[in-house]
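Student: Mind having a look at this structure? Questions to follow.
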Amino acid sequence: MSKVLVFVGGFAAPGNEWPLTPIRRSAREQGWRTKYFDERLAFGPLATSAERLVKLIDELDQTHDTIVVIGHSMGGLVAEHAAALGAPIDGLVTIGTPHQGHNLSRFGPLPVMREMGTNSAHLRGVAAIPGERPPILVVTAAKDRFVPKSATRPNRPHTLLEVPNVGHLRVIFDQSTADTIMKWADALTDEIAERHQDLDRAT
């Protein structure tokens, strides 16, 4: 099966941090293709970024059996929004993402920062979009001083991983983070392959 990881960076992230991570290296070693959503989220709004991510994933869906999106911080909010819009995402991983919003962001100087604020209209709007969402692995860093663990948990079923001894940015460079994500993604791929086999047998 062809499979791809799509990386979405956080606020103001240039995107060139992902090739340096153990996540990307482990993925390539295990036969995953990797793709980067090269967009500065700081320019906002988040809805526009989500729509562009949907377009990218729709294109990848033409050539790949399994698509897993990994979003760091604000990038996880964009990925969750894209999933809510119906992007064909098989699995979603968010790392240090403020699903419950961030208290200080509501006072931010940029509109896109305020969209990430606690109980913002943007977050309420995404949560209210009806329909199924893909399975989600939520990664939080034990020493994250920017997004507390309680803020990273979405209001839907999820698997939680807390990585010890690292902070908000360092977590994406942690090998144990990569190992858990790839184990989860590979299990998801196996499950999808089994479903396809069942469908083939049924027809």
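The values are calculated or read from the model by the stated rules, or taken from the named source; none is laboratory data. From a predicted model like this one, the values you see are computed outputs, not experimental measurements. Glycine also receives a Cβ, built like all others from the backbone with ideal geometry; neighbour counts cover every protein chain displayed. Accessible surface is based on the protein model in full, side chains and every heavy atom, while ligands, DNA and RNA are left aside. Shrake-Rupley method; radii C 1.70, N 1.55, O 1.52, S 1.80 Å.
Student: So ILE95 fits all but one of (1) open to solvent by 70 Å² or more (accessible area, probe 1.4 Å); (2) in contact with a strand residue (DSSP E or B) (Cβ under 8 Å, 6 or more places away or on another chain); (3) under 27 Å from ALA193 (Cα atoms); what number is the exception?
Tutor: Status for ILE95: all satisfied but (1).
Student: How about region 75-103: which of its residues are farther than 26 Å from THR63 by Cα and in contact (Cβ under 8 Å) with a residue 60 or more places away in the chain?
Tutor: Taking region 75-103 first, the residues farther than 26 Å from THR63 by Cα are 95-103.
Within region 75-103, ILE95, GLY96 qualify.
Student: Please go through region 12-59 and pick out each residue that is polar (S, T, N, Q) and either within 16 Å of ILE95 (Cα to Cα) or open to solvent by 70 Å² or more (accessible area, probe 1.4 Å) (or both). Quick ask: steps written out before the conclusion?
Tutor: First, pick out the residues of region 12-59 that are polar (S, T, N, Q): 16, 21, 26, 30, 34, 48-49.
Matches in region 12-59: ASN16, THR21, GLN30.
Student: What about LYS143, is it assigned to a loop (DSSP other than H, G, I, E, B), open to solvent by 50 Å² or more (accessible area, probe 1.4 Å), modelled with pLDDT of 95 or more and of a type outside the set (A, V, I, L, M, F, W, C)? So that I can check it myself, show each step before the final result.
Tutor: Numbers: assigned to a loop (DSSP other than H, G, I, E, B): yes; open to solvent by 50 Å² or more (accessible area, probe 1.4 Å): yes; modelled with pLDDT of 95 or more: yes; of a type outside the set (A, V, I, L, M, F, W, C): yes.
Yes, satisfied.
Student: Which residue pairs have Cβ atoms closer than 6 Å, lie 6 or more positions apart in sequence or on different chains, and pair a first residue in region 2-24 that is under 17 Å from ALA50 (Cα atoms) with a second residue that is among the hydroxyl-bearing types (Ser, Thr, Tyr) and open to solvent by less than 20 Å² (accessible area, probe 1.4 Å)?
Tutor: Final answer for the pair search is LEU5/THR34; GLY10/SER73.
Student: Return a yes/no flag: does region 66-84 have any residue that is assigned to a loop (DSSP other than H, G, I, E, B) and among the small types (Gly, Ala, Ser).
Tutor: Here is the first cut: in region 66-84, the residues assigned to a loop (DSSP other than H, G, I, E, B) are 73.
Adding the requirement that they be among the small types (Gly, Ala, Ser) leaves 73.
Taking every residue of region 66-84 in turn, at least one turns out to be assigned to a loop (DSSP other than H, G, I, E, B) and among the small types (Gly, Ala, Ser).
Student: Now, a different point. Just the residues that are more than 14 Å from ALA82 (Cβ to Cβ), in contact with a strand residue (DSSP E or B) (Cβ under 7 Å, 6 or more places away or on another chain) and not in a loop (DSSP other than H, G, I, E, B), please, taken from region 24-57.
Tutor: Selection gives ARG24, ALA27, ARG28, ARG33, THR34, TYR36.
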